[in-house]
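**Q** Structure incoming, see below.
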Amino acid sequence: MTEPTAVSLLDGLATTRAIRRYTDDPVPDADLASILWHAGRAPSGSNRQPFRFLVLRNGERAAAAKRLLGDAFRAGWSAKRDADGYRPSRFADSMQRYVDRFEQTPVVILVCLVRYRNPSPYEGASVYPACQNLLLAARALGYGGALTMWHLGVEAELRELLGIPEEAALSACITLGVPEGGHGPVQRKPLDEVVFDDAWGRRADWL
Ligand SMILES: Cc1cc2nc3c(=O)[nH]c(=O)nc-3n(C[C@H](O)[C@H](O)[C@H](O)COP(=O)(O)O)c2cc1C
């Protein structure tokens, strides 16, 4: 078990970044259970709690799913690298290493949403708060993770392999482990670019 890092809630919010480099250390059951418990404390519409967490670690099916996902992640990064024109950089190296070692990722969690009505553009609002809770809880316990979407390239294969029913949407694929590097600070736009006061585009001079 890693030692819980005494990080304040606000420090955690300010510095929790996507961690894609993991040591080979496992995440012990008790820590993983705590991370998922805290994820499940997230809010959801009418408190329906439609989120489900499908954990992939070392089982036979998990290994097969990680192989499928590894191929999808490599294809996802390769397409993004070409489309966005990434030059060689620390970031590009770390992405390449992330996808190349995907099968060794200690914990992969498919975060699903059980639909109770027709798909709507807002349904993610009942699952992504749980994803962020999950990442923050992982941070608090000394782990790091990344929320990703590259599982979508093999969604049909994952559904079949893992028995995921049609009514469950595959909302995110979160990877977790003991970080090799450190967390934040994160790079974000200045506040006055994203906050308006009183009308769209009106600068908030109290910032
Ligand atoms: C909706 C969403 C989709 C994302 N998809 C991916 C992804 O497919 N692959 C990946 O490596 N990271 C993915 N990320 C992580 C972002 O790239 C990352 O949070 C962002 O670049 C900011 O970096 P930082 O968190 O390290 O500051 C995603 C994040 C979100 C919120």
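**Q** Roughly how large, in nm² to one decimal, is the mean projection of the convex hull of the alpha-carbon atoms in segment 71-114? Present the calculation step by step, with values, prior to reporting the outcome.
**A** On the way: hull surface 16.4 nm².
Projected over every direction and averaged, the Cα hull of segment 71-114 covers 4.1 nm².
**Q** At a 10 angstrom cut-off on C-beta neighbours, averaged per residue, how do the peptides 192-198, 176-182 rank from highest to lowest? Let's see the in-between values first.
**A** On the way: 192-198: 10.6, 176-182: 16.9.
By packing density, highest mean first, the sequence is 176-182, 192-198.
**Q** When you have a sec, figure out the Kirkwood radius of segment 52-93 from all distinct Cα pair distances and drop it here in Å to one decimal?
**A** On the way: mean 1/r = 0.0824 Å⁻¹.
That comes to 12.1 Å for segment 52-93.
**Q** Treating the Cα atoms of segment 119-158 as identical point scatterers in vacuum, please give the log10 of the normalised Debye intensity I(q)/I(0) at q = 0.28, 0.31, 0.34 Å⁻¹, two decimals.
**A** -0.95, -0.97, -1.01
**Q** If you don't mind, another one. Just how large is the dipole of the chain about the Cα centre, in debye to the nearest 20, putting +1 at every Lys and Arg Cβ and -1 at every Asp and Glu Cβ?
**A** Values: 25 positive and 25 negative charges, 34 e Å.
The calculation lands at about 160 debye.
**Q** Right, something else. If you project the alpha carbons of the chain onto the principal axes, what extent comes out on each, in Å, largest first?
**A** 57, 44, 40
**Q** Any number yet on Rg/Rh for segment 18-73, C-alpha, Kirkwood? Please list the in-between numbers first.
**A** Numbers: Rg = 14.2 Å, Rh = 13.8 Å.
Reported Rg/Rh, Kirkwood definition of Rh: 1.03.
**Q** Which ordering of His151, His38 is given by a fewest-first count of other beta-carbon atoms within 10 Å?
**A** By the 10 Å Cβ count, ascending, the order reads His38, His151.
**Q** Continuing with the same structure: Any idea what Rg and Dmax come out to for segment 1-104 if you just take the C-alpha atoms, in Å?
**A** Every Cα atom of segment 1-104 included, Rg and Dmax give 16.9, 47 Å.
**Q** What number, rounded to the nearest 500 deg cm²/dmol, is the helix-based mean residue ellipticity at 222 nm of the chain, given -39500 (n - 2.57) per DSSP H run of at least four residues and division by all its residues?
**A** Values: 7 runs with 79 residues, N = 207.
The helix-only estimate for the chain comes to -11500 deg cm²/dmol at 222 nm.
**Q** Once the Cα atoms of segment 115-207 are picked out, what are the Rg and Dmax in Å?
**A** For segment 115-207, the Cα radius of gyration and maximum Cα-Cα distance read 18.2, 54 Å.
Only the coordinates and a few stated rules stand behind these numbers; no lab work does. Here the structure is a predicted model, which is why all the values come from computation and not from measurement. Cβ atoms come from the backbone with ideal geometry, glycine included; neighbour counts cover every protein chain shown.
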